[in-house]
1. Being surrounded by fewer than 20 Cβ atoms within 10 Å (Cβ to Cβ) and of a type in the set (A, V, I, L, M, F, W, C) is the filter here; which residues of the range A:245-269 pass it?
2. Between a residue in the range A:128-143 that is more than 7 Å from every other protein chain (Cβ to nearest Cβ) and any residue that is of a type in the set (D, E, K, R), which pairs come within a Cβ distance under 6 Å, given they are 6 or more apart or on different chains?
3. Return the residue satisfying two criteria in turn: it lies in the range C:317-348 and is free of Cβ contacts under 8 Å to residues at least 40 places away in the same chain and assigned to a loop (DSSP other than H, G, I, E, B), and of such residues it is farthest from C:Ile409 (Cα to Cα).
4. Answer yes or no as to whether A:Leu148 is on the phi < 0 side of the Ramachandran plot, crowded, with 24+ Cβ neighbours inside 10 Å, modelled with pLDDT of 95 or more and over 26 Å from the mean Cα position of the chain (by Cα).
5. Going through the range A:147-190 one residue at a time, which ones are within 7 Å of another protein chain (Cβ to nearest Cβ) and touching a strand residue (DSSP E or B) at 6+ places or on another chain (Cβ under 8 Å)?
6. Evaluate the following for C:Ala579: is it at pLDDT below 95, within 13 Å of chain A (Cβ to nearest Cβ), surrounded by fewer than 23 Cβ atoms within 10 Å (Cβ to Cβ) and out of contact with any Cys (no Cβ under 6 Å at 6 or more places or on another chain)?
7. Anything in the range C:392-414 that is in contact with a Lys or Arg (Cβ under 8 Å, 6 or more places away or on another chain) and touching a residue at least 24 places away in the same chain (Cβ under 8 Å)? List them, or say none.
8. Touching a His at 6+ places or on another chain (Cβ under 8 Å), assigned to a helix (DSSP H, G or I), farther than 28 Å from A:Ile270 by Cβ and of a type in the set (D, E, K, R): does that describe A:Arg193?
Amino acid sequence: MQKYSIFNLVKNAFSNHENWDLAWKDPTPKEEYDVVIIGGGGHGLATAYYLAKEHNITKVAIIEKGWIGGGNVGRNTTIIRSNYMHDENALFSEFGMDLWRKMSQDLNYNVMFSPRGIINLAHSDAQMNAYARRGNSMRLNGIDAVLLNREQVKEIIPMADFSENVRFPIFGGLMQPSAGTARHDAVAWGYARQADSMGVDIIQNCEVTGFDVTAGKINGIRTSRGNIKTKKVGLCVAGSTNILAEKLNMTLPIETHLLQACVSEPVKPILDRVVTFGAGHFYISQSDKGEMVMGGDLDGYNSYAQRGNLPTLQHVLTEGIAMMPFLSKLKMLRTWGGIMDMSMDGSPIIDKTHIDGLYLNCGWCYGGFKATPASGWTFAHTIAQDRVHELNAGFSLNRFSTGYLIDEKGLGTKTWIS
Amino acid sequence: MLHIKCPYCGMRSQNEFSYGGDASVKRPELNKEISDEEWDNFVYNRKSLRGKHLELWQHLSGCRQWIKVERDTATHEIFNTYKADEEISQ
Amino acid sequence: MTQKFRLENGGLINRDKKLSFKFNGKTHYGYEGDTLASALIANGVHLVGRSFKYHRPRGFFGAGVDEPYAIVQLYRNNETEPNIKATEQELFEGLEAKSVNCWPSVNFDIGAINNFLKIFLPAGFYYKTFMWPKSFWYRIYEPFIRKAAGLGVASTKHDKERYEHKYEYCDLLIAGSGPSGLASAYAAAKNGARVILAEDKPRFGGSLLTSDVNIGNQSGEDWANGIIAELKEMPNVVVKNRSQVFGYYDHNMLVMSEKVSDHLPKTKKHHPKQRLWYIRAKEVLISSGSIERPIVFGNNDTPGVMLSSAAKEYLKVYGVLVGKNPLVFTNNDSGYETAIEFKKNGINPIILDTRVNPQSEIIDEAINLGIKIKFSYVVVAAQGYKKVCSADIAKISDNKKQLGTIENIKCDCICVSGFWTPTIHLASQSGNKTKFKEEIDAFVPGTSKQNETTLGAANGIFTLEETLKSSFTAGQDLSKKITNKDNKISFPNVVEKISSQHDKFWCVPLPKGKNYKRFLDFQNDVAVSDIEIALKEGYRSIEHVKRYTTLGMATDQGKTSNLNGLQLVSDIENKVVPAVGHTTFRPPYTPISIGAIVGREVGKHSKPTRKSPMHSWHEKNNAVFVDAGVWLRPRYYKQGNENLFEASKREAKNVRTNVGVCDVTTLGKIDIKGPDAAELLNRVYTNAWLKLPVGKARYGVMLREDGIVMDDGTTTRISENHYHMTTTTAQAANVLSHLEYYLQVVWPELNVNVVSTTEQWAGAAIAGPKSRKLLEKLFPNNDVSNEGLPFMGYTEAELFGVKARIFRISFSGELAYEVNVESDNGQFMWEKIIELGQEFQVQPYGTEALSTLRIEMGHVAGSELDGRTISYDTSLEGLISKKKDFIGKRSLNREAFTSGDRQKIVGVVPLDKKTSIPEGSHLVKDAKAPLPNKKLGHISASCWSVEYDNPFSLAILKDGKNMIGEKLFVMSPLKNKVIPVEIVSSHYVDPKGERVRS
């Protein structure tokens, strides 16, 4: 594979950039694979990459209904963090942070990981205490966290509302300095390029229509481009999990919901952190292009439509202005929606299933993008070894039956308000 | 913004309502012996259908009645709305 | 200063009103009715900005919303706004604007060095480099790139402008006031339909303002003015200019942004800057017209290259020449209209037509006017850096592949017409699957998804007669369905020139040996070569191409570039355009101010503020408030120089020794009535409720179905079938909905009604050993003795003529009562309590003292009932009835909930009895263990025990039941604290609960 480097960039410039290789090929599906990953999103591509890299399993196909990277990996607000309270989420995400830090070099693709820090604002002492609980938990788990008072927050983000005319004054905040953002598309493409180079077949425009299950074992899948034999299938289709689960006669602790996000027009750098609002649900960062990337609540009812309605965005932006009044004068440029797997405790599922050879990776709620490398890594391990890794042991499917829930927000099963 | 017909009040905008999830889920009767699986199916497991979905909404800033709404989760088209205790012929 | 490019006469501007304005510090003049763009062009300013990536000079390309170039920083009334399109901004006296994205100036921009490096900066170059050394991306490269990007500068000043929202219903919403909008609005209005006609420009009429047509023996413009005048007089019609319908949402909800004051030097008093209209329309007519497509050629981004329709608009609407030596480059008849307009104003244009031998009325007219036309000719490249000075042109072969000898001709502008792209955004947003129409090389709406009908040019109909006819009919038919009226309107006589077929040509091939940049997306600097690279590297879906190259992702959202991009991909991939696909349009059509979307809910009003009826008393008595949800509650009452700690200690101490009074109005209150009320409570709470006597209160805990504690509170039986439930402040609304859900959906057979009475009752908790004495004073006619009103007793009473309820309940753990009166009497009650309590040293206490009191008693609150804990964890398992079923009971037998070492609430005391324990700390066995250090539990609440005068905390601790007496460490790494502690019972004070019964 061609290496991406300044040297190669200059060299290619003098041949009009006509000699670049394909980033990934467009193969036709083979009859049989050792592992089939359904879903060519970030998690599916990462899983295939780590199957090849860590487990030397390269007879792998990624089956993607549309184009790779067209789902949530390309529709998120690019935030990467490990500021979780519960150990299961914290240790898993922190493992992921390490993969993020090395990703550009590992993939030889600049994913622009930018550890600019995330600040969760607090608007009461009670909230400061709740953040302290989280932050202390992070620190005891070896994750960086700093509790900021009002003055310290003001120093870092003076454009937040520190005026008198504010409904919920800022008391302080919890900061994870090593958190940040990355270029979302590059993550999908970078994994795809490396997976492809190691022999993984990336099969696009191929819809899974059914599963071949006999005697509790998976034998293959049926697709719009023919049947494929395999003993191992990894389901990596957050947003469409329930649709495929139906084909397997499985009902999962997941509801499918729409999350909208929007960007403003680009402006010169003004905000160099990721900031979240504490008296509601709003988060913001500024992209390298200068756009303010903003998101918040779900649209609030089951949805598979990648179209949202304005009241939710209005609500989200109201909180945005409450936090940073200067946003008022910016203009909303683009909005989009992503379809979320909302699990019943807000945490994901990476596990084996009652069907031999069928592995489940779903329920990512809002947090799928940041989890991409750790999810791919642990899922690859789970598939390759046919057993869960300790990092994803907590993300079991049966935790809903046993009660070992991982509920970061304590909101319970009303997924649409989480 | 959705436009929902409250069976008691008529057509109202979505912002008067709050969502209440899958209406096809039936709570097991009190004091009835049921399996763990049945209980999990009630508390946690959801089909979350793509397409026609019968769901609960409450006319929160209106008559406060819970109602059933038959809505397409892919297009948001609303086919019909019912009172909470209304029999629905499929 | 003279306006060198302004015609002597003509245009729709008001030449009687001269306006002065500043651009990049230099003063210019224009007229009322100008846009900033038209005024700048009139003054000979053609360089307004720099492009995003290569910082190439940028002029004007269009005359409206499609403008990719002319983006400025606007200064108005001491405020500044970034990224204003000069083509949309109306001129006002004193307007100031500056170029963006250039430093030090638009004329000499350092960033333009990128232009020379451009061969190293193809699409996606940043994915391939800036990776070494590892830490450099975040520290060096990224800050540099961020600085270079970003267009305008955001002001951090608070926005002082006001934005309003308006909700409207109508029969027909018509988006666009061109010929189709006017015709359909007119027909519908005549049928009595309620019509809203929206036009995003200041002037109504759309293409009628610039086209040379005749309707009913009037010019297009006069006809439009006549119709608008008539519509404005009709009571059933709302006509709005400067109003853009930017979003088509579900269930025929459309949103329109009205720019009320942006065209004025400052917003008038009591006026909003902008107004957002939420419009629920029965029918939507999309008459949004079309946008001219560019033809792609070398250096086609040079200032002076612009759409031919824009050149015509500057001439006809603003009386401005975009050049004095124009070249018109066209593949269809539209370019001729522009050329003829130049000619009529004494300018001699040259037309290059890609077509071999087209024939039509308008071509004949151009020939007759003596305009020089070269058929089968193309512009190969524009020459000039900051302004076009000449054009390299060549003959092109009939198959459009070979170029002839290149000739250079002088010109100062190149007006391009590559035919028309219907504006289908609203139809697409509605959910309409658009279809590709071969004849016009563009997408048009397909089958309607909601009640939308697309008319005229937006629907790919480019002749006036057909547009008007179909629009009249649509307006008539759709309104007839709604109003049942059928007023026939006579169709006016239309005179227009019929065009010949356009040439399916959109991109000029590169001449041999030349490497001109041929731009598709002008703002984001995406050239043909970038798309070629993307495809070569396998980014083949249009989504990949767009994301890899950023085609169409700029602030103009690809209005002039999307279709050409699709054409290019389809050519290279050898597919038809519809097979390449196209992006689904999402709102907004153009960028919408966030202030307008948010409206009035800003500052203090971003969320409602709820206040108790005693709020003003608290204010007068130095209360420091705390937000409890949307409620404001007194946190403490400051005396002298006290701080929070001192004041709350004093207040709590006073409750323990004398008597205190606390405003508990915010607690949720639900009135429950009906013969099955007891049965409902019995199902909702974990404990038994069927035998509660009248006049008695009981504490209850309710669960979610997943077994987690949802809320707690007391409920009192007022009379046989009447109960009064209290909830926590935070859960009040949820509990009510919860009860309603079970009553209406799950157990409709229960005959019970529930209603919130939170706002109907004002509540005061009177707590302390002297509380009974105070009560005796307050209610001299009632028996409040321990026998007459025992613990958990209830009575109705009279407080000096005011009806009151007395509940003998206690959160503080002291002898305590809660008195409720109707809200209007709250202040009276409170003042009476304070007045009569003086002899008992009564003091008001706030939430902080309340916390202290409940913590040292081991009473749980929100920080323990955090949505993750079960009854056992919070030592509420004694309230779980074994005999009956209730909500959530079935979940309690799960493995995690019954496991032996389950977490439980405990008390925590520092060994030194001095060091305060920060809330949110964790408990560990070994403070020096390597990370990750195993956490055994967390501190949920801390206080300074006023009883024992030392710190005390509550914690939720793993295996807490068996940990009493253990020594552990509290760790707060955030605060750098390690505190050795002992685990004690959570019931630190009065563990037997004797005081409440005393």
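1. First pass over the range A:245-269, keeping only residues surrounded by fewer than 20 Cβ atoms within 10 Å (Cβ to Cβ): A:246-251, A:268-269.
Matches in the range A:245-269: A:Leu248, A:Met250.
2. These pairs meet every condition: A:Ile143/A:Glu94.
3. Ranking the candidates gives C:Gly346 first.
4. In short, yes.
5. Once the filter is applied, which keeps residues that are within 7 Å of another protein chain (Cβ to nearest Cβ) and touching a strand residue (DSSP E or B) at 6+ places or on another chain (Cβ under 8 Å), the range A:147-190 yields A:Leu147, A:Phe168.
6. For C:Ala579, the condition - at pLDDT below 95, within 13 Å of chain A (Cβ to nearest Cβ), surrounded by fewer than 23 Cβ atoms within 10 Å (Cβ to Cβ) and out of contact with any Cys (no Cβ under 6 Å at 6 or more places or on another chain) - is met.
7. Correct list: C:Ile393, C:Leu403, C:Asp412.
8. Judged against the criteria, A:Arg193 is not a match.
The values are calculated or read from the model by the stated rules, or taken from the named source; none is laboratory data. Everything numeric here is computed off the predicted structure, so don't read it as measured data. Virtual Cβ from ideal backbone geometry, glycine too; neighbours counted across all protein chains shown.
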